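Inspection log for the structure reproduced underneath, given as structure tokens.
Here, each number is a calculation from the coordinates, and none is a lab measurement. What you see is a predicted model; the values in this text were computed from it and never measured. So basically every Cβ, Gly included, is an ideal-geometry build from the backbone, and we count neighbours across all protein chains shown.
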Amino acid sequence: MDIPVVIYTNPQFQRSDLTLDVIARLAEHPRIGYIKDASTNTGRLLSIMNRCGDALRVFSASAHIPAAVMLIGGRGWMAGPACIIPRQSVALYEFCKAGRWDEAMALQRRLWRINEAFARFNLAACIKAGLSIRGYDVGDPVPPQAPLTAEARKVVEMALRELT
């Protein structure tokens, strides 16, 4: 099978990270064509792009920097908040692809409210609550993760209300 593989690095949750040398070696594998990096370090992303070229296309895993990642040559982002703000996420992507950086940054700044809420609470709980607020009851996060408290849910709800 020729299924493409995405490397996913998330040092915050993995408690370790792949070095640039290891990433460059993995990029040589014919099925590995992408990396989703959650380091939030745009300098690291630029180093990966410089070392790997077109062999490894970069996606941001952090929703707070997608415009910056696209500006330096990234392909996009894969992040939880996009699940609850899909229209705004697509608009941001389209602005970036078209090189409309002023509009992209203005929208990126507006979307920051969602990221502030997500940074305060559990990511899965925020996504689940956000989907529920949007009318998609997907249940609670899987234990040991707890659902948002009523107060935390209000924070997510207010951030979403500001975007619509």
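At 7 Å along Cα-to-Cβ for each site, give me the label-to-label distance between Trp101 and Ala55 in nm.
Simple spin-label model gives 2.9 nm for this pair.
List the aspartates and glutamates whose alpha-carbon lies under 18 Å from that of Lys97, not counting same-chain residues fewer than 8 positions away?
Leaving aside aspartates and glutamates fewer than 8 places away in the same chain, those within reach of Lys97 are Asp54.
In whole angstrom, note down how far apart the Cα centers of the stretch 17-49 and the stretch 87-131 are.
Using only Cα atoms, the two centres lie 23 Å from each other.
Let me know the Rg and Dmax you get for the chain when you use only its Cα atoms, in Å.
16.8, 48
Translational diffusion coefficient of the stretch 1-78 at 4 °C, 1.567 mPa s, Stokes-Einstein with Kirkwood Rh over Cα pairs, in µm²/s as a whole number.
105
Roughly how many debye, to the nearest 20, is the charge dipole of the stretch 1-78 about its Cα centre, given +1 on each Lys and Arg Cβ, -1 on each Asp and Glu Cβ, and no other charges?
On the way: 8 positive and 6 negative charges, 20 e Å.
Using Cβ point charges on Lys, Arg, Asp and Glu, the stretch 1-78 gives about 100 debye.
Out of Ala61, Gly76, Leu148, whose Cα points farthest toward the positive end of the dipole of the stretch 61-164 (charges: +1 Lys, Arg; -1 Asp, Glu; placed on Cβ)?
Result: Gly76, furthest along the dipole toward the positive end.
Return the calculated 222 nm mean residue ellipticity for the chain, to the nearest 500 deg cm²/dmol, obtained by summing -39500 (n - 2.57) across DSSP H runs with n ≥ 4 and dividing by the residue count. Present the calculation step by step, with values, prior to reporting the outcome.
On the way: 8 runs with 86 residues, N = 164.
Theoretical 222 nm ellipticity from helices: -16000 deg cm²/dmol.
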